[in-house]
Structure formats: C-alpha cells, structure tokens
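One structure is given here, and the rest of the page talks about it.
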Amino acid sequence: MDVDNDDDVYVEDVQYGEFDDDAGGENDDPQLKQKSDTDLRDEIHKFTAKFESVNTKRKMRQSVNRFEKWLASEGVTEKLENIPLSRIDLYISHWLMSLQKLDGGEYEPDTVSSHATCIRKHVAQLKVCDAVEDFPRTAETLRAKRKSLKSMGKGNKPNKADALSPEDEERLWATGALGDSSPETLIHTVFFLFVKNFGLRGCSEPENMRWGDVKFGVDNDGDEYLQFGE
C-alpha cells in the first residue's frame with residue numbers, strides 16, 4: 001500500500017497489467033460528445049440521487065418546505081420549476097438575509113449554509129443546472145450572512161465537546177456507566193457505540209436515525225456485522 005501523507009489518502013497497489021490501455025470505459029456511450037451539458041447534468045443528478053441518505057433527503061425536504069412557505073408569504077405562488085433561475089437566485093438571497101430560527105433567534109453560520117445548500121441542490125435538480133455556479137447572488141449573500149453571524153459571536157462553538165480518550169472510555173466501562181446492567185445503561189451504551197462506530201455527529205444525527213438505516217449482514221467468512229446506510 002502506498003500512502004500519501006500530504007493528502008491523507010491511500011492508494012492500493014494494483015496489477016497494472018490487468019488493464020487494457022486500448023479499452024474504453026464501462027458502458028461506452030458513442031453519443032457522449034453530442035449530449036448537451038443539461039443532459040449530462042441530468043444523468044449525474046439521477047445517479048447521485050439514488051445514493052442520498054435518508055437524513056439528507058429529510059433535511060432537504062425541510063429546507064425546501066420552509067423556503068416555499070416564505071415565498072408564499074411574500075406573494076410568490078409559482079412553482080419553483082416555473083420561475084427563471086436568475087429570479088430564484090435573488091429569492092434565495094433575500095430569504096437568507098432574513099433567515100432566523102422560529103423563535104426569532106439567530107442560527108449558527110453552518111446551519112444557514114446547510115439551508116442554502118439544500119435549496120440550491122433542490123433547484124439544481126429541477127432546473128438541471130449547477131448548484132454552485134448558477135447561484136452567484138446566493139453565494140455572495142451567504143458569505144455576507146456568515147460574516148454577520150460571526151460578528152454576533154456565532155460559529156465559535158463554545159460548547160464543543162472534547163474528544164473522548166481511550167482511557168476515558170475504559171473508565172466508563174469499568175464504572176458501569178457503559179454496559180448492560182440496566183435498561184437505561186444499555187440505551188446509553190447503544191447510543192455511544194452507534195456514534196463511535198458509525199461516525200454520527202452530535203445529538204441530531206442519532207435522533208434522526210430510522211428503522212432500516214442499520215442493516216444486518218454476514219461477510220464471506222461468516223462473521224456477522226451491522227452496516228449503517230448513509
């Protein structure tokens with residue numbers, strides 16, 4: 001195995017003789033050059049949409065619903081697919097300018113960015129366009145919005161938790177804080193192991209998990225395992 005420390009990635013050794021330099025890619029499409037950018041983007045959107053996680057789809061739906069409700073409150077009743085892209089870019093920008101929590105509080109900068117990403121991605125799928133390049137006003141407004149929130153002290157993450165060391169984890173098991181001694185302890189243990197082994201972040205991702213996100217499997221050696229489908 002070759003390791004590239006600069007990029008923090010690894011490249012497995014391969015037998016280059018297995019490849020045919022004269023061979024084309026899988027499922028060669030002789031009409032590729034004749035396809036428009038719109039057709040190519042549409043094919044990419046359809047492919048990537050198949051592998052979006054349940055949580056990603058849920059977040060996008062929530063953001064889109066909120067954006068559409070805001071549009072309706074501003075007198076915009078047309079469906080997004082019927083609104084010119086340049087106009088949608090302006091609408092998203094104005095929405096971001098006034099975007100706040102339902103209780104009137106301010107969001108964290110990353111939350112605002114997440115909302116903007118969901119809306120742009122949804123519109124890009126409807127319009128078959130680029131989710132970044134075709135929204136210049138949105139990108140400009142988002143940068144200004146993030147700067148504004150940071151000037152209010154947002155984004156500093158004062159409550160960020162320190163990483164749990166191996167010694168800390170051993171202490172939790174030894175003291176019975178983790179284990180199966182009681183139903184409550186077992187729930188805490190399952191939560192901890194899911195967060196640790198599935199790479200879940202914070203509280204929202206574990207809470208948003210649904211039946212079917214984790215699947216049971218058996219590998220070629222007969223060993224059982226759990227797989228988290230993002």
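Here are some notes:
- Some residue of the range 180-191 being modelled with pLDDT under 80, closer than 27 Å to Gly229 by Cα, out of contact with any Asp or Glu (no Cβ under 9 Å at 6 or more places or on another chain) and not in a helix (DSSP H, G or I): no
- For the range 96-122, a residue qualifies if it is of a type in the set (A, V, I, L, M, F, W, C) and either free of Cβ contacts under 8 Å to residues at least 12 places away in the same chain or surrounded by 15 or more Cβ atoms within 10 Å (Cβ to Cβ) (or both), and the qualifying residues are Leu96, Leu99, Leu102, Val112, Ala116, Cys118, Ile119.
- Count - residues of the range 200-230 that are more than 21 Å from Ile187 (Cα to Cα), part of a loop (DSSP other than H, G, I, E, B) and modelled with pLDDT of 75 or more: 5
- The one condition in (1) loosely packed, with under 13 Cβ neighbours inside 10 Å; (2) out of contact with any helix residue (DSSP H, G or I) (no Cβ under 6 Å at 6 or more places or on another chain); (3) over 28 Å from Met209 (Cβ atoms) that Tyr91 fails to fulfil: (1)
- If the condition is being part of a loop (DSSP other than H, G, I, E, B) and more than 27 Å from Arg58 (Cβ to Cβ), then the range 121-154 contributes Met152, Gly153.
- Residue that is under 26 Å from Val195 (Cβ atoms) and in the same structural domain as Asn197 (by TED's automatic domain parsing), where the choices are Pro183, Pro109: Pro183
The values are calculated or read from the model by the stated rules, or taken from the named source; none is laboratory data. Keep in mind that what you see is a predicted model, and the values were worked out from it rather than measured. No Cβ is skipped: glycine too gets one built from the backbone with ideal geometry, and neighbour counts run over all protein chains shown.
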